[in-house]
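J.: Here it is, the structure, as structure tokens.
The values are calculated or read from the model by the stated rules, or taken from the named source; none is laboratory data. The model shown is predicted, which means the values in this text are computed figures rather than measured ones. All Cβ positions, glycine included, derive from the backbone under ideal geometry; neighbour counts span all protein chains shown. We work out accessible area using only protein heavy atoms, side chains counted, and drop any ligands, DNA or RNA first. Shrake-Rupley method; radii C 1.70, N 1.55, O 1.52, S 1.80 Å.
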Amino acid sequence: MAASCFVLLALCLLLPLLLLGGWKRWRRGRASQHVVALVLGDVGRSPRMQYHVLSLAKHGFSVTLLGFCNSKPHDELLQNDRIQIVGLTDLQSLAVGPRVFQYGVKVVFQAVYLLWKLMWSEPGTYIFLQNPPGLPGIAVCWFVGCLCGSKLVIDWHNYGYSIMALVHGPNHPLVLLAKWYERFFGRLSHLNLCVTNAMREDLAENWHIRAVTFYDKPASLFKETPLDVQHRLFMKLGGSHSPFRARSEPEDPAMERSAFTEWDAGSGLVTRRSGRPALLVSSTSWTEDEDFSILLAALEKFEQLTLDGHNLPSLVCVITGKGPLREYYSCLIRQKHFQNIQVCTPWLEAEDYPLLLGSADLGVCLHTSSSGLDLPMKVVDMFGCCLPVCAVNFKCLHELVKHDENGLVFEDSEELAAQLQMLFSNFPDPAGKLNQFRKNLQESEQLRWDESWVQTVLPLVTDL
């Protein structure tokens, strides 16, 4: 109950301001073709919400997107005249008092701040909210919706309380309060979307919330990267990351060389280098639900196999992303003394990330899901680029990764190391398993985000 009291207190604190400064705005009525979208996270690292906003804009809606602007969103979002991005300030917790008190004060101030920002934004027919994080967003959006007649649409990516439980434990008072809050206020929405059938069933059975499964799908920019574009990308990344650079300069001055490709200035042709390293890619938010020590241990075993004389290539392992545990794992990586493996951890521009996936030989996913009910969007993007994946197993992974069809599923570092050995044996092998997985993905005719959104979400929004 304490969590709800904090939120209700925040709403009451802002009521005088609402009555004095904003009530006439709400009385003028909502715009029939306007949507407010909210993500209490970094807009640039929230691809699903960016795709929702773009799809709404493509189908006649104007959109106000509120979120933190810590990294650059997709250019298409920035260049669309129908979309306005409103930056939010990330409020920090107080450094005094018990943890529960600190958290409660932060929630109150966030609720007041968020209500103020929403009140002075153009009211919309719908409020689209990404959850998590949903505290205090769900309650505030519901309250704003009551004032201006907006329909609340919650897109359930996961459960916020389950992420908190990774740090505090499942029985911590804050976690129990957060769970109660999500369940109570989540029922007040008009429409619920979720990312897996397993989550839809759990919401219905345990939370009495009816949701529609809307799987993540790759955007059209996720596709195989042409070889000439690969070369330009490798040369660009080589300027700041040594694993992309050639270890020796070509003798012919008309040749330009990266670690993976060569460009002949005379003919304009780009070719893959003979004996090139294999390019392994993983992306992460560097959070507690991804254990990168599994990958590092597998790489150590792979390194030993190469030293023992197995016919395996050298590896370039690129782990891209930002997050709280990045420095921790970067320290672990620096302690490794690989001879045939190079690891780098860049943060890529939004436009370069799909190009890298489309240039790679294998993707690795270590996402385990705090609830066991969501799916890693990074794998969706990799499949969009026809990139085979090795993914660590968890409850509902089978809804996305089909073992021995579009990739492989592993349980621990030993199994991952064995899979890397099998996939990269005699690399590059046109008849090998890795190439077969890629062909399966090429032939699968995957549904893209725009098509899926029109089939699933647009009719629901129209019906509302």
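J.: Is there a residue in the range 310-325 that is within 28 Å of HIS403 (Cα to Cα), open to solvent by 50 Å² or more (accessible area, probe 1.4 Å), over 16 Å from the mean Cα position of the chain (by Cα) and not aromatic (Phe, Trp, Tyr)?
T.: Of all residues in the range 310-325, those within 28 Å of HIS403 (Cα to Cα) come to 310-321.
Among the residues that remain, those that are also open to solvent by 50 Å² or more (accessible area, probe 1.4 Å) are: 310-311.
With the extra rule that they be over 16 Å from the mean Cα position of the chain (by Cα), the set shrinks to 310-311.
Imposing the further condition that a residue be not aromatic (Phe, Trp, Tyr) reduces the set to 310-311.
The answer is yes, given that some residue of the range 310-325 is within 28 Å of HIS403 (Cα to Cα), open to solvent by 50 Å² or more (accessible area, probe 1.4 Å), over 16 Å from the mean Cα position of the chain (by Cα) and not aromatic (Phe, Trp, Tyr).
J.: Do we find a residue being assigned by the TED database to the domain that holds PRO277, open to solvent by less than 60 Å² (accessible area, probe 1.4 Å), in contact with a His (Cβ under 8 Å, 6 or more places away or on another chain) and not hydrophobic (A, V, I, L, M, F, W, C) anywhere in the range 431-438?
T.: Looking through the range 431-438, none of the residues is assigned by the TED database to the domain that holds PRO277, open to solvent by less than 60 Å² (accessible area, probe 1.4 Å), in contact with a His (Cβ under 8 Å, 6 or more places away or on another chain) and not hydrophobic (A, V, I, L, M, F, W, C).
J.: I want to confirm something. Restricting to the range 61-102 and keeping residues that are assigned to a loop (DSSP other than H, G, I, E, B) and touching a strand residue (DSSP E or B) at 6+ places or on another chain (Cβ under 6 Å), which single residue is surrounded by the most Cβ atoms within 10 Å (Cβ to Cβ)?
T.: This residue is PHE61.
J.: Just the residues that are open to solvent by 10 Å² or more (accessible area, probe 1.4 Å) and either in contact with a His (Cβ under 8 Å, 6 or more places away or on another chain) or not assigned by the TED database to the domain that holds PRO277 (or both), please, taken from the range 231-260.
T.: GLU256
J.: May I ask you to list the residues in the range 331-353 that are over 25 Å from PHE222 (Cα atoms) and surrounded by fewer than 15 Cβ atoms within 10 Å (Cβ to Cβ)?
T.: Across the range 331-353, the qualifying residues are CYS331, LEU332, ARG334, GLN335, LYS336, HIS337, GLN339.
J.: Same structure, new question: For GLN442, are the conditions met, namely being of a type in the set (S, T, N, Q) and under 19 Å from ASN311 (Cβ atoms)? Spell out the reasoning first.
T.: Working: of a type in the set (S, T, N, Q): yes; under 19 Å from ASN311 (Cβ atoms): no.
For GLN442, the condition - of a type in the set (S, T, N, Q) and under 19 Å from ASN311 (Cβ atoms) - is not met.
J.: Identify all residues within the range 127-142 that are at pLDDT below 95, open to solvent by 10 Å² or more (accessible area, probe 1.4 Å) and either touching a His at 6+ places or on another chain (Cβ under 6 Å) or more than 14 Å from GLY67 (Cβ to Cβ) (or both); write none if there are none.
T.: LEU135
J.: Which strands (runs of 3 or more DSSP E) sit wholly inside the range 266-331 and have at least 3 residues that are small (Gly, Ala, Ser)? Before the answer, list the steps.
T.: Values: elements: 270-272, 278-283, 315-320.
Qualifying strands (runs of 3 or more DSSP E): 278-283.
J.: So is ILE127 under 29 Å from ASP352 (Cβ atoms), of a type in the set (Val, Ile, Thr) and touching a Cys at 6+ places or on another chain (Cβ under 9 Å) or not?
T.: Values: under 29 Å from ASP352 (Cβ atoms): no; of a type in the set (Val, Ile, Thr): yes; touching a Cys at 6+ places or on another chain (Cβ under 9 Å): yes.
Considered against the rule, which asks whether it is under 29 Å from ASP352 (Cβ atoms), of a type in the set (Val, Ile, Thr) and touching a Cys at 6+ places or on another chain (Cβ under 9 Å), ILE127 comes out as no.
J.: Suppose the filter is assigned by the TED database to the domain that holds ALA278 and open to solvent by 70 Å² or more (accessible area, probe 1.4 Å); does TRP263 pass it? Give the derivation first.
T.: Details: assigned by the TED database to the domain that holds ALA278: yes; open to solvent by 70 Å² or more (accessible area, probe 1.4 Å): yes.
Answer is yes for this residue.
J.: Sort out which residues of the range 371-395 are crowded, with 24+ Cβ neighbours inside 10 Å, free of Cβ contacts under 8 Å to residues at least 40 places away in the same chain and assigned to a loop (DSSP other than H, G, I, E, B), and write them in order of number.
T.: If the condition is that a residue be crowded, with 24+ Cβ neighbours inside 10 Å, free of Cβ contacts under 8 Å to residues at least 40 places away in the same chain and assigned to a loop (DSSP other than H, G, I, E, B), then PRO376 is the only one that fits.
J.: Give the residues of the range 144-157 that are touching a Pro at 6+ places or on another chain (Cβ under 9 Å) and open to solvent by 10 Å² or more (accessible area, probe 1.4 Å), sorted by residue number.
T.: Filtering the range 144-157 for residues touching a Pro at 6+ places or on another chain (Cβ under 9 Å) gives 144, 147-150, 156-157.
LEU147, CYS148, GLY149, HIS157, listed by residue number.
J.: Separate question: Restricting the search to the range 149-193, which residues are outside any helix (DSSP H, G or I) and in contact with a Ser or Thr (Cβ under 6 Å, 6 or more places away or on another chain)? Outline the logic, then answer.
T.: The initial filter retains those residues of the range 149-193 that are outside any helix (DSSP H, G or I), namely 149-159, 169-172, 187-193.
If the condition is that a residue be outside any helix (DSSP H, G or I) and in contact with a Ser or Thr (Cβ under 6 Å, 6 or more places away or on another chain), then LEU152, ILE154, ASN158, TYR159 are the ones that fit.
J.: Do we have any residue at all in the range 28-42 that's open to solvent by 60 Å² or more (accessible area, probe 1.4 Å), touching a Gly at 6+ places or on another chain (Cβ under 8 Å) and either modelled with pLDDT under 95 or over 21 Å from ASP216 (Cβ atoms) (or both)? Break it down into steps so the answer makes sense when it comes.
T.: We begin by selecting, within the range 28-42, every residue open to solvent by 60 Å² or more (accessible area, probe 1.4 Å); these are 28, 30, 32-33.
Now narrow it down to the ones that are touching a Gly at 6+ places or on another chain (Cβ under 8 Å): 30, 33.
Cutting the leftovers down to either modelled with pLDDT under 95 or over 21 Å from ASP216 (Cβ atoms) (or both) gives us 30, 33.
Yes, the range 28-42 contains at least one residue that is open to solvent by 60 Å² or more (accessible area, probe 1.4 Å), touching a Gly at 6+ places or on another chain (Cβ under 8 Å) and either modelled with pLDDT under 95 or over 21 Å from ASP216 (Cβ atoms) (or both).
J.: Hey, another quick one. What are the residues in the range 343-370 that are touching a helix residue (DSSP H, G or I) at 6+ places or on another chain (Cβ under 6 Å) and in a helix (DSSP H, G or I), if any?
T.: Of everything in the range 343-370, those that are touching a helix residue (DSSP H, G or I) at 6+ places or on another chain (Cβ under 6 Å) and in a helix (DSSP H, G or I) turn out to be LEU355, LEU357.
J.: Taking the criterion of being closer than 30 Å to ARG48 by Cα and either touching a strand residue (DSSP E or B) at 6+ places or on another chain (Cβ under 8 Å) or not hydroxyl-bearing (Ser, Thr, Tyr) (or both), would at least one residue in the range 241-258 satisfy it?
T.: Within the range 241-258 (the criterion being closer than 30 Å to ARG48 by Cα and either touching a strand residue (DSSP E or B) at 6+ places or on another chain (Cβ under 8 Å) or not hydroxyl-bearing (Ser, Thr, Tyr) (or both)), the answer is yes, since at least one residue qualifies.
J.: Now a separate question. Looking at the range 164-212, which of its residues are in contact (Cβ under 8 Å) with a residue 24 or more places away in the chain and surrounded by fewer than 16 Cβ atoms within 10 Å (Cβ to Cβ)?
T.: LEU166, VAL167, PRO173, TRP180, PHE184, HIS190, ASN197, VAL212
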